[in-house]
Amino acid sequence: MASTGKKRSSGILTEFITKRTQLWQYLNTSIDFFLRSVGLRTTTTLIEGATSDWPSQVEKCENETYVRDGITYDVWRHYGRGPLQASDAASPGVQWTSTTELGTINVSKGGPIEIISDSSLVEAADGVNTVDRTPLANIASLIGGGTPGSASQFAQILYLTIYNDQAPITENWVRVAAVNNADYDGYVYSNFKFIVEQGATVELTVS
């Protein structure tokens with residue numbers, strides 16, 4: 001009889017643990033769904049192009065709009081990550097340049113996108129054990145020294161640019177351009193908000 005009681009108690013405990021696990025799974029799923037539906041939790045998956053574009057993505061900022069002069073705009077965010085690949089091919093030993101391509105933002109209507117906030121950063125190794133992270137701000141931005149273990153340096157030119165000076169103007173090529181008088185390296189992280197005409201469809205293409 002004592003043995004039977006122990007087995008029964010063990011079965012009840014096992015069932016309790018199972019039910020508790022199921023309850024927590026249900027609650028976690030429900031909370032996750034709620035947080036995502038109100039825009040408080042998101043998952044961003046960067047997509048890399050086959051030849052030119054480094055991993056990037058755009059997402060709509062749900063429950064957020066931008067009003068200017070009585071006109072309401074939708075707000076979107078662009079994310080991306082790509083290396084600074086310096087080359088002095090055009091001016092050997094004199095000037096190094098790079099262009100980091102981060103996809104093309106295609107908008108269904110309206111004009112070019114307008115950036116309203118920018119938190120983009122450049123990441124540069126400084127020696128062996130230190131990594132510097134600074135905004136994209138030309139001579140205030142630190143970039144790597146071009147060789148492993150070298151000290152970081154201030155860039156001459158480093159900036160985010162949206163190229164759309166040809167038809168259709170709703171194609172917005174996202175790029176980070178850099179120029180320096182010495183070899184350099186590093187990584188750029190794009191993270192900026194932009195506005196488009198309300199109701200416009202926005203898609204990112206990578207090539």
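For region 166-207, the pair-distance distribution built from all alpha carbon pairs, in bins 10 Å wide starting at 0, is 15, 44, 25, 13, 2 percent. Normalising the average separation of contacting C-alpha pairs (under 8 angstrom, six or more residues apart) by the number of residues puts the relative contact order of the chain at 26 percent. Here the Karplus relation 6.51 cos²θ - 1.76 cosθ + 1.60, evaluated at θ = phi - 60°, turns the backbone of region 135-142 into coupling constants of x, 7, 8, 6, 5, 8, 9, 8 Hz, with x for every Gly and Pro. With the chain treated as a Gaussian network of Cα nodes joined by springs under 10 Å, which of Ala124, Ala50, Ala182 yields the largest mean-square fluctuation? Judging by the Gaussian network model, the answer is Ala50. Remark: the chain carries a charge dipole of roughly 1540 debye about the Cα centre, counting +1 on each Lys and Arg Cβ and -1 on each Asp and Glu Cβ. Dipole of the chain computed with +1 at Lys/Arg Cβ and -1 at Asp/Glu Cβ about the Cα centre; of Ile157, Gln22, Thr130, farthest Cα towards the positive end is Gln22.
With angles folded into 0 to 90 degrees, how steeply does helix 2-37 sit against the dominant principal axis of the chain? Use alpha carbons for both and round to 10. The answer is roughly 30 degrees. As a proxy for reagent exposure, Glu203, Glu123 were ordered by neighbouring Cβ count within 10 angstrom, fewest first; the result is Glu203, Glu123.
Based on the Cα gyration tensor of region 49-99, what are the three equivalent ellipsoid semi-axes, each the root of five times an eigenvalue, rounded to whole Å and given largest first? Could the numbers behind the result be given before it?
Numbers: eigenvalues 279, 49, 11 Å².
For region 49-99, the semi-axes come out at 37, 16, 7 Å.
In order along region 149-155, the Karplus-derived 3J(HN,Hα) couplings, from 6.51 cos²θ - 1.76 cosθ + 1.60 at θ = phi - 60°, round to x, 7, 6, 6, 8, 7, 6 Hz, and Gly and Pro are given as x.
Where does each of Lys60, Lys193 land when they are ranked from fewest to most other beta-carbon atoms within 10 angstrom? If you can, show how the numbers build up before the last one.
On the way: Lys60 13, Lys193 18.
In order of increasing Cβ crowding within 10 Å: Lys60, Lys193.
Exposure proxy ranking for Glu101, Glu114, based on other Cβ atoms within 10 angstrom of each Cβ and starting from the fewest, stands as Glu114, Glu101.
Assigning unit charges at the beta carbon (Lys, Arg +1; Asp, Glu -1) and nothing else, what dipole magnitude in debye, to the nearest 20, does region 120-207 show about its Cα centre?
Numbers: 3 positive and 9 negative charges, 27 e Å.
It comes to approximately 140 debye.
According to the Kirkwood expression over distinct Cα-Cα pairs, how big is the hydrodynamic radius of the chain, in Å?
Numbers: mean 1/r = 0.0493 Å⁻¹.
Averaging 1/r across every pair of different Cα atoms and inverting gives 20.3 Å.
Across region 108-125, rounded Karplus estimates of 3J(HN,Hα) from the backbone phi angles (6.51 cos²θ - 1.76 cosθ + 1.60, θ = phi - 60°) give 6, 7, x, x, x, 5, 10, 7, 10, 7, 9, 10, 5, 9, 10, 10, 9, 6 Hz, Gly and Pro being marked x. Taking amide hydrogens as placed 1.01 Å from N in the peptide plane, the amide H of Tyr184 sits under 5 Å from those of Ala86, each at least 5 positions away in sequence or on another chain.
Each reported figure results from applying straightforward, stated rules to the coordinates on display, with no laboratory input. A quick note: this is a predicted structure, and the numbers were derived from the prediction, not measured. In this analysis, Cβ positions are derived from the backbone assuming ideal geometry, glycine residues included, and neighbour counts consider all displayed protein chains.
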